[in-house]
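The values are calculated or read from the model by the stated rules, or taken from the named source; none is laboratory data. The model shown is predicted, which means the values in this text are computed figures rather than measured ones. Note that each Cβ is placed from the backbone with ideal geometry, even for glycine, and that neighbours are counted across all protein chains shown. The area values use the complete protein model at the heavy-atom level, side chains included, leaving out ligands, DNA and RNA. Shrake-Rupley method; radii C 1.70, N 1.55, O 1.52, S 1.80 Å.
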Amino acid sequence: MKIDNTQLYDYLIQNNIVDESVIAPLFVHAQKDNTQLCNLLKEEDILSELECTKAIATSLGYPFVDLTKEEVSEDILNIIPQQVAKKSEVIVFDKDGDTLKVAMKNPDDMQMIDFLKKKTNLDIMPYVTTDDSIKTVLKQYTKSLKAEFGEIIDKKNNDESVDENPDEDLVKIAKDLPIVRIVDTLIKHAILEGASDIHIEPQEKKVMVRYRVDGILRQAMTLPKSALAGIVARIKVLADLKLDEHRLPQDGRFKIENDEYKISFRVSILPVFDGEKIVMRLLDETSAGLSLEKMGLQGEALEAIQREIRKPNGMVLVTGPTGSGKTTTLYTIVDILNSPEVNISTVEDPVEYRMDSINQTQVHAKIGMTFAAGLRSLLRQDPDIIMVGEIRDKETLEIAIHAAMTGHLVLSTLHTNSAAGAIPRMVDMGVEPFLIASTTNIVVAQRLVRRLCVECRKSYKLNQKEVETLGKNYEIDAILETLYKVGGLKNGTKWTDIELFKPVGCSKCNSSGYKGRSGIYEVFEITEDIEKLITQNATSDEMERKAREDGMITMVEDGFLKVVQGLTSIEEVMRVTKE
């Protein structure tokens, strides 16, 4: 839907939506370059897409509707089939008597309006809406999948015959229509909810399906035990695994690709007492490349990482427990460094994401292809940058340090609780402190916290009793001092004065109160002073104390900084930082 720039300009000024001094130069620019004024206003962050579209609609005399927070009933939604709604970008959102209210991007599309009128035998009232509104409601078609396949699941739940014929053709079972539809449903729901893992867990009389969303496992649905053989066979067929192998673990992959998404699935099948347990890791290959800023790095910590990864040699280490986002951080750094001028090679177990122009090698311990063996071979491949999925032993560490000393930038991960703790960990593995001091550039420790849902979070302030309880777990005075320096708090502000937020729960976040995740970080840069402490066999506490004197923000402090910024809750920071 287009509008004359002059008409939009006059409307915005007359209604005091944008100040004339702000919009005038943009209007001149738009007229000169023959571009849309609305696009310039969005580029300069003067108006959002919602505000711009609403202004255009109102100035042209069309009603506007924002559907990003609306739940359309299934009966109304299905008046137009999903395929038609998606292709034409038209959404039915309400019915008033003989009038159908339809949200469109282009209300001047008389051909579509006539089509809808003939199809429904109703009068059509067109509304203007945004891309985000259409995308939000299109997802609601998928939300009805569970109800759509409920009859299949209920039918199997009511089937008391759970005895399985071992001689039955497994290929036939895998292609059985109800089984195919159930597996498709489980996968589509997982994608819709943004799950990172699907767990299919056989129990004595049932099969439990759980999704890991934002790092937390939650039950999705329960299926009858009689469905297990078919589900396992179907997933084995998708992942190209042996159908008749039930005693040994199997690993495989498959991919689902359509207009909306491109998801790679990593499948692990493990025999357990009641059958075969399946865990599928979902890897979104269409998601826009992450940046360090989007991951939650900010301020001096961000600058330190950007400074150290640009060095031609040395080691960059990321530490934290399993599931703390270490590999994602490494991939993000590799993506930043990836250019035609450098040769980047990796040794991983497993290869999580496929990256263009990166030479990725999969570890196969059974045939002797270990991290150490792969890394040793990589050094003969003329690499500039090497990523090692994990340093697990002395041999791998020694080769990595040797590579860092001979002109390579080495990126890897370690399992330690803090950034400074990586140093004694490497010493314990049998490497001389002076080698660690001369090759390590920076160590990043991290955890992942869930982000508060901005649609339903609720503000509150701590009372004195809660502050005292907090003080039993953390050095709250030191944290407050840090917040004065980098958090924008005025000196003298007390904990009871700070506006914080807590989760509530709504339809947008599946009643969890959280949506998405962000990292909290501790960035330990190896300065000359730290190098001296390393060679003197100083403890991790001594090195951390010196780093804090030099301005390092601890992981807990970074967590509370994000609490004050309204990104997460105190409970989340406590959950991931307690030892």
| task | Please work out which residue is farthest from residue 129 (Cα to Cα), limiting yourself to region 1-46 and to residues that are assigned to a loop (DSSP other than H, G, I, E, B), out of contact with any Lys or Arg (no Cβ under 9 Å at 6 or more places or on another chain) and aliphatic (A, V, I, L, M). | result | 18
| Sole residue being touching a residue at least 60 places away in the same chain (Cβ under 8 Å), out of contact with any Cys (no Cβ under 7 Å at 6 or more places or on another chain) and part of a loop (DSSP other than H, G, I, E, B), chosen from 407, 430 | 407
| note | Flagged in region 338-372 as assigned to a strand (DSSP E or B) and closer than 16 Å to residue 390 by Cα, in numbering order, are 345, 346, 347, 348, 360, 361, 362, 364, 369
| request: May I ask you to list the residues in region 373-425 that are of a type in the set (A, V, I, L, M) and within 23 Å of residue 321 (Cβ to Cβ)? | output: 387, 388, 391, 397, 400, 410, 411, 414, 419, 420, 422, 423
| Looking only at region 540-562, which residues are over 23 Å from residue 575 (Cβ atoms), open to solvent by 40 Å² or more (accessible area, probe 1.4 Å) and either assigned to a helix (DSSP H, G or I) or not small (Gly, Ala, Ser) (or both)? | 541, 542, 545, 546, 548, 549, 550
| Of the residues 475, 481, 455, which is among the acidic types (Asp, Glu), in contact (Cβ under 8 Å) with a residue 60 or more places away in the chain and open to solvent by 20 Å² or more (accessible area, probe 1.4 Å)? | 455
| Out of region 463-472, which residues are open to solvent by 30 Å² or more (accessible area, probe 1.4 Å) and either among the basic types (Lys, Arg) or not in a loop (DSSP other than H, G, I, E, B) (or both)? | 464, 465, 466, 468, 469, 471, 472
| query | Inside region 516-539, can you point out the residues that are open to solvent by 30 Å² or more (accessible area, probe 1.4 Å), outside any loop (DSSP other than H, G, I, E, B) and over 22 Å from residue 563 (Cβ atoms)? | reply | 525, 528, 529, 531, 532, 533, 535
| field | Test result for residue 423, out of contact with any strand residue (DSSP E or B) (no Cβ under 6 Å at 6 or more places or on another chain), more than 15 Å from residue 309 (Cα to Cα) and open to solvent by 10 Å² or more (accessible area, probe 1.4 Å) | value | no
| Filtered residue count, region 487-519, keeping only those that are closer than 27 Å to residue 324 by Cα and either under 21 Å from the mean Cα position of the chain (by Cα) or at pLDDT 90 or above (or both) | 20
| query | Out of all the residues in region 77-104, which are open to solvent by less than 70 Å² (accessible area, probe 1.4 Å), farther than 12 Å from residue 141 by Cβ and not in a loop (DSSP other than H, G, I, E, B)? | reply | 88, 90, 93, 94, 99, 100, 101, 102, 103, 104
| residue 334 vs. criteria touching a residue at least 12 places away in the same chain (Cβ under 8 Å) and either part of a helix (DSSP H, G or I) or open to solvent by less than 20 Å² (accessible area, probe 1.4 Å) (or both) | yes
| request: Within region 52-76, track down each residue that is part of a helix (DSSP H, G or I), out of contact with any strand residue (DSSP E or B) (no Cβ under 7 Å at 6 or more places or on another chain) and not β-branched (Val, Ile, Thr). | output: 52, 55, 59, 60, 74, 75
| request: Starting from residues that are at pLDDT below 85 and outside any helix (DSSP H, G or I), keep the ones in region 165-211 and report whichever is surrounded by the fewest Cβ atoms within 10 Å (Cβ to Cβ). | output: 167
| message | Residues that are free of Cβ contacts under 8 Å to residues at least 60 places away in the same chain, polar (S, T, N, Q), out of contact with any Ser or Thr (no Cβ under 8 Å at 6 or more places or on another chain) and closer than 19 Å to residue 313 by Cα: does region 341-350 have at least one? | response | yes
| note | A careful count of residues in region 105-126 that are open to solvent by less than 40 Å² (accessible area, probe 1.4 Å), within 16 Å of residue 62 (Cβ to Cβ) and not in a helix (DSSP H, G or I) gives 3
| field | Residue in region 279-301 that is open to solvent by 50 Å² or more (accessible area, probe 1.4 Å) and assigned to a strand (DSSP E or B) present | value | yes
| query | Of all the residues that make up region 490-515, how many are open to solvent by less than 30 Å² (accessible area, probe 1.4 Å), in contact with a helix residue (DSSP H, G or I) (Cβ under 9 Å, 6 or more places away or on another chain) and not β-branched (Val, Ile, Thr)? | reply | 3
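Here's the yes/no breakdown for (1) at pLDDT 85 or above; (2) at positive phi; (3) open to solvent by 60 Å² or more (accessible area, probe 1.4 Å); (4) not hydroxyl-bearing (Ser, Thr, Tyr):
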{"residue": "10", "(1), (2), (3), (4)": "yes, no, yes, yes"}
{"residue": "46", "(1), (2), (3), (4)": "yes, no, no, yes"}
{"residue": "55", "(1), (2), (3), (4)": "yes, no, no, yes"}
{"residue": "65", "(1), (2), (3), (4)": "yes, no, no, yes"}
{"residue": "70", "(1), (2), (3), (4)": "no, no, yes, yes"}
| said: Looking at region 537-579 only, could you name the residues that are within 19 Å of residue 321 (Cα to Cα) and of a type in the set (Val, Ile, Thr)? | reply: 554, 556, 573, 576, 577
| field | Subset tally (residues that are surrounded by fewer than 21 Cβ atoms within 10 Å (Cβ to Cβ) and of a type in the set (A, V, I, L, M)) for region 432-441 | value | 2
| Test: residue in region 228-244 that is of a type in the set (Val, Ile, Thr), open to solvent by 40 Å² or more (accessible area, probe 1.4 Å) and at pLDDT 90 or above | yes
